[in-house]
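Participant: Okay, here's the structure, questions in a sec.
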Amino acid sequence: MTTPQYRDPPLDIGDDRHDRVKMWQKQLRQRGWHIEPDGIYGEESRRLCANFEMEHGLEANGDVDKKTWDATWEAGSTKPKPTPDHLPLKRGDKGDAVKMWQRQVNNRGFPALEVDGDFGPKTEEACKKFQKFKGLPETGKVDEDTWKEAWLEKTPVAAM
């Protein structure tokens with residue numbers, strides 16, 4: 001796959017070029033980000049764009065400029081954070097590893113969790129939704145595969 005040609009100006013809030021917005025949203029989703037390809041560049045698209053830019057070392061302004069557009073098709077996958085010593089994380093667990101996982105699934109577009117380090121019912125439900133989206137067994141526990149998938153992206157063909 002080759003990167004579709006970028007056309008100025010950058011995609012940003014309120015953008016009405018639905019075909020370009022939808023194309024970018026679909027590619028981000030194919031990489032493993034939880035975004036609905038609806039062709040509307042709203043606050044959620046901007047937030048996920050800024051998170052993508054941050055993870056890939058780009059200026060995190062939330063606008064899909066040429067660098068962000070190209071990286072969406074060409075950048076390699078990000079590396080997962082080191083796996084915590086005590087997995088699986090499960091309901092009732094507390095601590096920094098829970099906070100790190102909560103923050104990352106928020107960054108990738110899943111239901112907003114309070115990043116409090118407490119693996120409660122909302123974190124368990126978000127975990128199940130995340131696992132379903134990634135094609136993993138829906139246990140509600142953060143095992144090694146679930147942990148790694150929170151950071152890994154599908155490497156686009158153009159990046160290989």
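Participant: Taking into account only those residues within the stretch 130-160 that are touching a Phe, Trp or Tyr at 6+ places or on another chain (Cβ under 6 Å) and part of a helix (DSSP H, G or I), which is modelled with the lowest pLDDT?
Facilitator: Ala158
Participant: Looking at (1) touching a His at 6+ places or on another chain (Cβ under 7 Å); (2) of a type in the set (A, V, I, L, M); (3) under 29 Å from Thr123 (Cα atoms), which is the one condition that is false for Ala75?
Facilitator: Checking Ala75 against (1) touching a His at 6+ places or on another chain (Cβ under 7 Å); (2) of a type in the set (A, V, I, L, M); (3) under 29 Å from Thr123 (Cα atoms), the one that fails is (3).
Participant: Return a yes/no flag: does the stretch 7-19 have any residue that is farther than 14 Å from Thr72 by Cα, in contact with a Leu (Cβ under 8 Å, 6 or more places away or on another chain) and exposed (fewer than 15 other Cβ atoms within 10 Å of the Cβ).
Facilitator: Narrowing the stretch 7-19 to residues farther than 14 Å from Thr72 by Cα: 7-9, 12-19.
Cutting the leftovers down to in contact with a Leu (Cβ under 8 Å, 6 or more places away or on another chain) gives us 17.
Adding the requirement that they be exposed (fewer than 15 other Cβ atoms within 10 Å of the Cβ) leaves 17.
Yes: one or more hits.
Participant: I need the full set of residues from the stretch 68-96 which are of a type in the set (A, V, I, L, M) and more than 18 Å from the chain's Cα centre (by Cα), in order please. Quick ask: steps written out before the conclusion?
Facilitator: From the stretch 68-96, those of a type in the set (A, V, I, L, M) are 71, 75, 87, 89; that's our starting set.
Matches in the stretch 68-96: Leu87, Leu89.
Participant: Go through the stretch 1-32 residue by residue and tally those that are outside any helix (DSSP H, G or I), farther than 18 Å from Lys67 by Cα and modelled with pLDDT of 90 or more.
Facilitator: Total satisfying the criteria: 1.
Participant: Are any of the residues in the stretch 98-119 in a helix (DSSP H, G or I), more than 16 Å from the chain's Cα centre (by Cα), at pLDDT 95 or above and buried (at least 20 other Cβ atoms within 10 Å of the Cβ)?
Facilitator: Within the stretch 98-119 (the criterion being in a helix (DSSP H, G or I), more than 16 Å from the chain's Cα centre (by Cα), at pLDDT 95 or above and buried (at least 20 other Cβ atoms within 10 Å of the Cβ)), the answer is yes, since at least one residue qualifies.
The values are calculated or read from the model by the stated rules, or taken from the named source; none is laboratory data. Quick caveat, the model's predicted, so the values are computed rather than measured. All Cβ positions, even for glycine, are placed from backbone atoms using ideal geometry, and neighbour counts span all protein chains on display.
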